Each structure stands twice: as C-alpha cells, then as structure tokens.
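Everything on this sheet refers to the single structure shown next.
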C-alpha cells in the first residue's frame, strides 16, 4: 500500500504535533512562513523582559530531525482542490492526498476603530520585542524629562493573556525599573480593561476575584464592565464616550483565524474554517482544519477555545484518522478532553482550574512553571528559560531589558 502524501500548513502546536504523529505511515510536507515555532504561552514574558526572545523560538527543522518529515518555508496563496495541490508564495506547488490546515490565529479587533493602527499585538516574537522596546523607551524618556509627567500603560482584554501581561508589566515596574530609577517607576501606571463583568471569565468566579485582588496588590488598576469604543495614539475612548489617557495600549482582547485562510477556497464562518465533527472540512473530506483556524464545535454547539491544548489534541487526532482511512476505516468524531486552565499573575501568584478542582497561590505558580517548561521545545530553551527565571527570582531583576527593535 502506498503512503499517503500529507501537506500540513502551519507549524504551530497542532501542525507540528500532526507531522510528528504521521511520519511513520505518510509522506509529510510541513509548511510555515517562519523557520521556527514560537511558544506563544510565554511570549508575554519576552515582552516584559522576563525571557530572552530565543528561548521561546525553536527551529522547525530541529524539531523534525530524524522523522523524515520535509519542511518548506512559505505561505499558501491558493489551493487547487480538483487537482489536490497547494501553491506557496515562493511559487512552489505541492501535491497532496490529505491537506491539514493549522495556520494559527491573528489579533481580532472586533471592529474597534484604531486597534490596528494604535495598539501593540501579542502574536509574534517581533511584536513581543516591540512591546518591550516601547515600554523601555518610554521609561528612558521619563528619565530624561525634568517634569513630573506620567506614563499610562493599558492592557485591553481580561483573559489569561491580558492578566499575565498586566501582572508582568507591573512586576517589571515595581522591581527592575524601580531599582533603576524609583522616581520614574513611580510615575508609570498599569491598567487592565475587560468588557465583561469579571476578568478570567472562563475560570471560577472565586479565582477571578482572587486574580483581581492580586493584580491590584501589584498596582494594576482593573476596570471591568468597561467596553472600548476606539483607540487613538494617546488615549482610549470607552463605550460611554469618556476617554482615558493611554499612550501605550496592548491589545489582548481576542484572536481570530489567520487571514490567510481566505486564500484556500474553503468554507469560513466567524473567521474559522467550517469542519465536521471529524475535523474534516465541510465538502472536502481530504482536507482537515485544526487548532485556531478550525471551527469544530462541542456537543453544545460552541466552538472549541483557541488554546494550545485543543491544537495538540486535534493534531494527534487527525493523524490517527488519516491512518485509519488509509487502512480502509472511517474518520471518527473528535472529542476534546479539557485538562484545565491556568494563568500566572506574578511572583508566587497563579490560578489553576481543572474541572471542579481549583488552586491558587504558590502551589499553582509552581504548577504553572513546571507545565510550561515541560511543553517548551528544545533542551537549550528549557535550560535557558529556567536560568532566566532563576536569575529573576533570586535577584528581583530582569536582564533582558534591551531596546533592540531598530538599528
């Protein structure tokens, strides 16, 4: 029996997992616009000088070494479903028997004016370095001026990403920057805005309340039930038309499927590819969509969350289904096994929720540290991350406070 040709678009959590799960019984080509995978859950630590950028990036070819999986750097520009081929922006044409779309996500602005032009996103290493440089450049500006001007930093979005970002910025200010220039650090103010009634809305209300209290102890102003109507270069217009100063606005309010999916001639709904319960694209049984771009729904009709655990499980699942089909079987329904959620707020502060089990404080923080080290790719990255965290913990310092976004 000939081995199926499988093309995977995207080398994130889902795509890379699918490739490594398929290599023994398929000829796999993995495609990504970068030659490295970014460990997105720790990107905010790069933004706040907690980690070096190269600790959250790992070469794709290194991850595939010894598997026989081929890699091509590029981005899809079209798919010919009749002839089963995909064309990349490099001009390369790759034929397939099965196509797995795992292209990840992009920042969603929800129609709020000024988001694209005036906010900083959190979806790439480049964006993380831009946030770090912007915050540090503002700190240096305040160090130069003789007046008592202040800097307002706003994080929009009270989910795990926004909470972790706000807490990390507050710790950067209260620790290293205060040690550098206490007079200046005292004039930097961090704010977190959430449109809903509480932050971490997917967590138990008690954990949300604990998180809000911990952030406020760090000096973060938490605003809930506060919608954002528009963002300008210097302020935020709220839903009630009042304004607040915000020369630095970080947008963590949500994500959507990567826009490149519109090049693939596939059915799209709510910026995600329409799939059946088996993760096969509607009307295209040899095309699969997983992770953030896949529109799979649970038994209650809700789309699965756009988080790494979903992508990891779907990557393994699709590999299993392609193997089954190759042996004459049928694809089965995908069922997500929720292993819980967690978020860190700062030093010794985190929250963990696994079904009815809830944990907060130092033990939750240690669990958060261990889990992220476990899933981080590469021994060098694991050791480097542990070294950075140990240094930060023992010295109350963050050595990665470089401004390196321009020459």
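The values are calculated or read from the model by the stated rules, or taken from the named source; none is laboratory data. Please read all numbers here as calculations on a predicted model, not as lab measurements. Here the Cβ positions follow ideal geometry from the backbone for every residue, glycine too, while neighbour counts run over all protein chains shown.
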With the structure loaded, tell me whether residue 141 is part of a helix (DSSP H, G or I), surrounded by fewer than 22 Cβ atoms within 10 Å (Cβ to Cβ) and free of Cβ contacts under 8 Å to residues at least 40 places away in the same chain or whether it fails that test. yes
One residue from 99, 103 being part of a loop (DSSP other than H, G, I, E, B) and buried (at least 16 other Cβ atoms within 10 Å of the Cβ): 103
Based on this model, can you work out whether residue 349 counts as more than 18 Å from the chain's Cα centre (by Cα), farther than 14 Å from residue 204 by Cβ and at pLDDT 95 or above? no
In the stretch 59-69, is there at least one residue being surrounded by fewer than 17 Cβ atoms within 10 Å (Cβ to Cβ), part of a strand (DSSP E or B), modelled with pLDDT of 95 or more and within 20 Å of the chain's Cα centre (by Cα)? yes
Quick one: count up the residues across the stretch 1-14 that are buried (at least 24 other Cβ atoms within 10 Å of the Cβ) and within 17 Å of residue 323 (Cβ to Cβ). 4
Please note which strands (runs of 3 or more DSSP E) are completely contained in the stretch 275-381 and include at least 3 residues that are without any contact (Cβ under 8 Å) to a residue 24 or more places away in the chain. 349-354
Consider residue 42 against the criteria (1) over 17 Å from the mean Cα position of the chain (by Cα); (2) within 30 Å of residue 139 (Cα to Cα): it satisfies all of them except one. Which criterion is unmet? (1)
Consider residue 385 against the criteria (1) free of Cβ contacts under 8 Å to residues at least 24 places away in the same chain; (2) in contact with a helix residue (DSSP H, G or I) (Cβ under 9 Å, 6 or more places away or on another chain); (3) under 26 Å from residue 64 (Cα atoms): it satisfies all of them except one. Which criterion is unmet? (1)
Looking only at the stretch 15-52, filter to residues that are in contact with a strand residue (DSSP E or B) (Cβ under 6 Å, 6 or more places away or on another chain) and part of a loop (DSSP other than H, G, I, E, B); which one of those is surrounded by the fewest Cβ atoms within 10 Å (Cβ to Cβ)? 35
When residues of the stretch 107-120 are limited to those that are outside any helix (DSSP H, G or I) and at pLDDT 95 or above, the one nearest to residue 365 (Cα to Cα): 120
Considering only the stretch 253-274, how many residues are touching a strand residue (DSSP E or B) at 6+ places or on another chain (Cβ under 6 Å), crowded, with 17+ Cβ neighbours inside 10 Å and part of a loop (DSSP other than H, G, I, E, B)? 5
So how many residues does the stretch 224-240 have that are under 17 Å from residue 198 (Cβ atoms) and part of a strand (DSSP E or B)? 1
